[in-house]
Amino acid sequence: MTVGVLALQGAFREHRQRLEQLGAGVREVRLPADLTGLSGLILPGGESTTMVRLLGEYGLWAPLRDFHASGGALWGTCAGAILLASEVTGGSPSLPPQPGLGLLDITVQRNAFGRQADSFTAPLDVEGLETPFPAVFIRAPVITRVGEAVRALAQVGGQTVHVQQGRVLASSFHPELTNDTRLHRLFLALAGERAY
């Protein structure tokens, strides 16, 4: 099984390292052709507005939706979660709404936990894990609305920060910035359900 990491910008190298620690085949995705044969794809943290621009420049919007429609698993972390959401709030009122893939029925508020200086790590009780996960929050979004088909899997301070809808996961935090690979292991199990 081979999984991909969207490698346009952000923390894609750290995700690759965690997946390789678990013995997965990993491909960095920059062009539509890079999606061929993948079982899953991680959309990493970074700067969501930059990623939106680069997705357009590299012609990836439709291929990513097609990848999902054909059975590929997706996991968005921090900015990646914003890209997956059906609705994004918290942007500048002078700018048009930020486009997204719309593959996850959630509303995400950008930078809801504050600036870089407000970054923190919290032990997170995640459904499916026996002990708390050391979640790293950096300029993190918050999931302010969860659709009926979406399962909330973790909260911090009463705010939803980790969800699943079918083959799509989203996390407000950066799981790749810890040595704990349990969430990456769960993603690989989800991606492994795709048959070729």
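Hey, can you rank 43-49, 54-60 by average C-beta count inside 10 Å, highest first?
So the peptides 43-49, 54-60, ranked by packing, come out 43-49, 54-60.
Quick one: which residues, 5 or more positions from Val29 or on another chain, have an amide H under 5 Å from its amide H? H modelled 1.01 Å from N in the peptide plane, none for Pro or chain starts.
Long-range HN contacts for Val29: Val5, Leu6, Ala7.
What distance in nm separates the simple spin-label points at Leu22 and Arg151, each placed 7 Å from Cα in the Cβ direction?
For the pair Leu22/Arg151, the computed spacing is 1.6 nm.
Between Gln9 and Thr121, how many nm apart are label points set 7 Å from Cα along the C-beta direction?
Distance between label points: 2.7 nm.
Would you mind calculating the relative contact order of the chain from Cα pairs under 8 angstrom and at least 6 residues apart, reporting the percent as a whole number?
For the chain, the relative contact order is 20 percent.
Which order do Met1, Met51 take by accessible area at a 1.4 Å probe, largest first?
Putting Met1, Met51 in descending order of accessible area: Met1, Met51.
Restricting to bridges with both residues inside the range 2-192, how much of the DSSP beta-bridge set is antiparallel, in percent to the nearest 5?
Roughly 50 percent of the DSSP beta bridges within the range 2-192 come out antiparallel.
Please identify which residues in the range 41-85 have an amide N closer than 13 Å to a label point set 7 Å out from the Cα of Leu31, following the Cα→Cβ vector.
Within reach of a label on Leu31: 58-60.
Once you sort the root eigenvalues of the Cα gyration tensor of the range 2-192 as a ≥ b ≥ c, which label holds: rounded (a/c under 1.5), prolate (a/b larger than b/c) or oblate (the other case)?
Here the range 2-192 falls in the rounded category.
Using amide H atoms built 1.01 Å from N in the peptide plane, name the residues 5+ places from Cys78, or on other chains, whose amide H lies under 5 Å from its own.
Under 5 Å from the amide H of Cys78 lie the amide H atoms of Ser171, Ser172, Phe173, each far enough along the sequence or on another chain.
The values are calculated or read from the model by the stated rules, or taken from the named source; none is laboratory data. These figures come from a predicted structure and were not determined experimentally. A quick note on method: Cβ atoms are made from the backbone with ideal geometry, for glycine too, and the neighbour counts reach across all protein chains shown. For accessibility, only protein heavy atoms count, side chains too; no ligands or nucleic acids. Shrake-Rupley method; radii C 1.70, N 1.55, O 1.52, S 1.80 Å.
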